[in-house]
Amino acid sequence: MIESTSGRFDRTDHALVIGLGRSGRASVEVLRARIGSVVATDEAPPEQLADALDELRAANVTFVPPSELEAALEHVTVAVLSPGIALNNPLVRRVQAAGIPVFSEVEVAYRLCKAPIVAVTGTKGKTTTTALVGALFAAAGKTVHVGGNIGNPLIRETVDAAAGDWVVAEVSSFQLESIRSFKPRISLILNVTPDHLDRYHSMEEYAEAKFRIFTNQGPGDTFVGNLDDPIVASASEGQYGDRIKTPALWFSDEPHRQSTLYLRNHELIVYAPPTGDPRPVDILPVREIALLGRHNVENVMGAVLVALAAGLPVAAIREGVRTFRPLGHRLEPVAEVDGVQYVDDSKATNPGSVIAAMRAFAEKPIVLIAGGKAKGTDFAEMGKVISSRAKAVVLIGDAAEEIAGVVKRAKVELASSMEDAVARARDLADPGDVILLSPGCASFDMFRSAEHRGEQFANAVHALEKPVASAR
């Protein structure tokens, strides 16, 4: 092994990129122009890596099969880990056993970044909130770069950011696992509810990964948290109270002695400045938020408090919230056919997101389409809400039988495909109902991604609008 340079990521470093998904390929692209050399590896079968291998060849970057890893490690000083690969993966352990430091792509992006970073995490709502924070900075006239778990790799955004810009990063628990010095100027935790328990041994371990977002913050930084989420709030009390080493700002559904942002009469978002003029400032009425669901009010409050912490003008914040629209596959209206509303919430990949989505339609009967690949999550609470809120549920994928077992009252049907699910849901729905795709599971048992699942849902819905004429 070459003598380590401790991850300066300059010409003295020689990197191994582990994993050739979207962020791994971006790491190769960025690092090959900045450091001594880059090689890459991935455990996936060659046929699944065809596009990535073509990119490596075009960039003159060597692919190292896992079987040849030990020889290649003699020339490596640092490894960059893609977020989908766990730290306890055997391949990663082989790299660590060779004494090579392993950094997450988020950590490398931070080390290359000249601009202050806003980092957003949470079990649900973080993508919408990240996009909204970016929109608020843009509304205030700031140059902003948005990346991370939201879909475009953070390293690609930070490498081009100037010192006067802002970077807004959605970071997952996976990405936070292997950070070292990552230190956002402002961090936000929206919520911590059961998810990814196929990767983590307990909720405590999962929460610890989320809490790493503020681990390196200091007096010049700011933490923003949801006081109504018991796990997030625990970071400010009891044995965990001394963990946040930076000023903390909290938002809540009702006024609280710790709240900097709260709702007045559940109708108006109000800011209580922690310093200076103590008079409350009305931010905007809840009715002006274009996003569906009470959970999105929490998302907006988190984004607004981040923007206020960054010193953005209240007028720009108001305008940014008012003009922000839902992201794709997140409570996204698809169509209304024969009086039935079809809504795509394919990005709801855990039970908490499904519960929040169903509560967004408090006044309408729901036919839910759910299921997919389970992530070690308990569906019991989701089953209770389906039983109380849905008139019927159509289940797909590997977890269909498991979810069916926790639904006690709603009618349950099993479907073999998305087209079958939409057809069955249509037969179960009446005018005025909502057919809601909100799976509560990962998509990889039947689809390439959550986006692909949502697209298949939309295609099936649009086929209902244009039925094929029957043969004569």
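The values are calculated or read from the model by the stated rules, or taken from the named source; none is laboratory data. Keep in mind that this is a model prediction, so the values were computed, not measured. Note that we place each Cβ from the backbone using ideal geometry, even for glycine, and neighbour counts take in every protein chain shown.
Side notes on the structure shown:
- Selection of first residues in the stretch 379-397 that are aromatic (Phe, Trp, Tyr) and of second residues that are surrounded by fewer than 19 Cβ atoms within 10 Å (Cβ to Cβ) and outside any helix (DSSP H, G or I), restricted to Cβ pairs under 8 Å at least 6 apart or on distinct chains, gives the following pairs, ordered by first then second residue: Phe379/Val406.
- Hey, Gly328 part of a loop (DSSP other than H, G, I, E, B), surrounded by fewer than 16 Cβ atoms within 10 Å (Cβ to Cβ) and either at pLDDT below 95 or not assigned by TED's automatic domain parsing to the domain that holds Ala272 (or both) or not: yes
- Condition check for Thr123: assigned to a helix (DSSP H, G or I) and closer than 20 Å to Asn350 by Cβ: no
- Test: residue in the stretch 431-452 that is at negative phi, surrounded by fewer than 14 Cβ atoms within 10 Å (Cβ to Cβ), among the polar types (S, T, N, Q) and assigned to a loop (DSSP other than H, G, I, E, B): no
- Here Val321 does not fit the description of being more than 24 Å from the chain's Cα centre (by Cα), more than 20 Å from Ala425 (Cβ to Cβ) and at pLDDT 95 or above.
- In the stretch 359-374, residue surrounded by the most Cβ atoms within 10 Å (Cβ to Cβ) [restricted to those that are modelled with pLDDT under 95 and more than 19 Å from the chain's Cα centre (by Cα)]: Ala360
Residue-wise test of (1) closer than 19 Å to Phe444 by Cβ; (2) under 21 Å from the mean Cα position of the chain (by Cα); (3) of a type in the set (Asp, Glu).
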site: Leu331; (1), (2), (3): no, yes, no
site: Val334; (1), (2), (3): no, no, no
site: Pro351; (1), (2), (3): yes, yes, no
site: Val354; (1), (2), (3): yes, yes, no
site: Gly376; (1), (2), (3): yes, yes, no
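- One residue stands out among those in the stretch 160-178 that are aliphatic (A, V, I, L, M), surrounded by 20 or more Cβ atoms within 10 Å (Cβ to Cβ) and not in a strand (DSSP E or B): the one that is farthest from the chain's Cα centre (by Cα), which is Ala161.
- Search result, residues across the stretch 114-130 that are at pLDDT 95 or above and surrounded by fewer than 24 Cβ atoms within 10 Å (Cβ to Cβ): Lys114, Ala115, Pro116
- Scan the stretch 52-74 for residues that are in contact (Cβ under 8 Å) with a residue 60 or more places away in the chain and crowded, with 19+ Cβ neighbours inside 10 Å and the total you get is 1.
- Within the stretch 272-312, being among the polar types (S, T, N, Q) and either surrounded by fewer than 22 Cβ atoms within 10 Å (Cβ to Cβ) or modelled with pLDDT under 95 (or both) holds for Thr275, Asn296.
- Residue within the stretch 79-88 that is closer than 24 Å to Ala209 by Cα, without any contact (Cβ under 8 Å) to a residue 40 or more places away in the chain and exposed (fewer than 14 other Cβ atoms within 10 Å of the Cβ) present: yes
- The set of residues in the stretch 191-223 being of a type in the set (Lys, Arg) and touching a strand residue (DSSP E or B) at 6+ places or on another chain (Cβ under 6 Å) consists of Lys210 alone.
A quick yes/no check of all residues on (1) outside the structural domain of Ala209 (by TED's automatic domain parsing); (2) at pLDDT 95 or above; (3) of a type in the set (A, V, I, L, M, F, W, C):
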site: Val28; (1), (2), (3): yes, yes, yes
site: Val38; (1), (2), (3): yes, yes, yes
site: Asp42; (1), (2), (3): yes, yes, no
site: Pro46; (1), (2), (3): yes, no, no
site: Leu53; (1), (2), (3): yes, yes, yes
site: Val64; (1), (2), (3): yes, yes, yes
site: Leu81; (1), (2), (3): yes, no, yes
site: Asn88; (1), (2), (3): yes, no, no
site: Arg94; (1), (2), (3): yes, yes, no
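- Any strands (runs of 3 or more DSSP E) falling wholly within the stretch 203-300 and containing at least 2 residues that are in contact with a Leu (Cβ under 8 Å, 6 or more places away or on another chain) and not aliphatic (A, V, I, L, M): 222-226, 248-252, 259-264, 281-285
- Matching residues, the stretch 366-386, being aliphatic (A, V, I, L, M), touching an Asp or Glu at 6+ places or on another chain (Cβ under 9 Å) and under 23 Å from His452 (Cβ atoms): Val367, Ala374
- Taken together, the residues in the stretch 175-193 that are under 14 Å from Glu105 (Cβ atoms) and among the β-branched types (Val, Ile, Thr) amount to 1.
- Which numbered condition Gly151 fails, given (1) under 23 Å from Gly218 (Cβ atoms); (2) part of a loop (DSSP other than H, G, I, E, B); (3) among the small types (Gly, Ala, Ser): (1)
- Among residues of the stretch 332-379, those that are in a strand (DSSP E or B) and of a type in the set (A, V, I, L, M, F, W, C), counted: 10
- Subset of the stretch 179-206 that is surrounded by fewer than 20 Cβ atoms within 10 Å (Cβ to Cβ) and of a type in the set (Gly, Ala, Ser) - its residue that is nearest to the chain's Cα centre (by Cα): Ser202
- Checking every residue in the stretch 270-292 against the condition of being within 21 Å of Val171 (Cα to Cα), of a type in the set (A, V, I, L, M, F, W, C) and in contact (Cβ under 8 Å) with a residue 12 or more places away in the chain gives zero matches.
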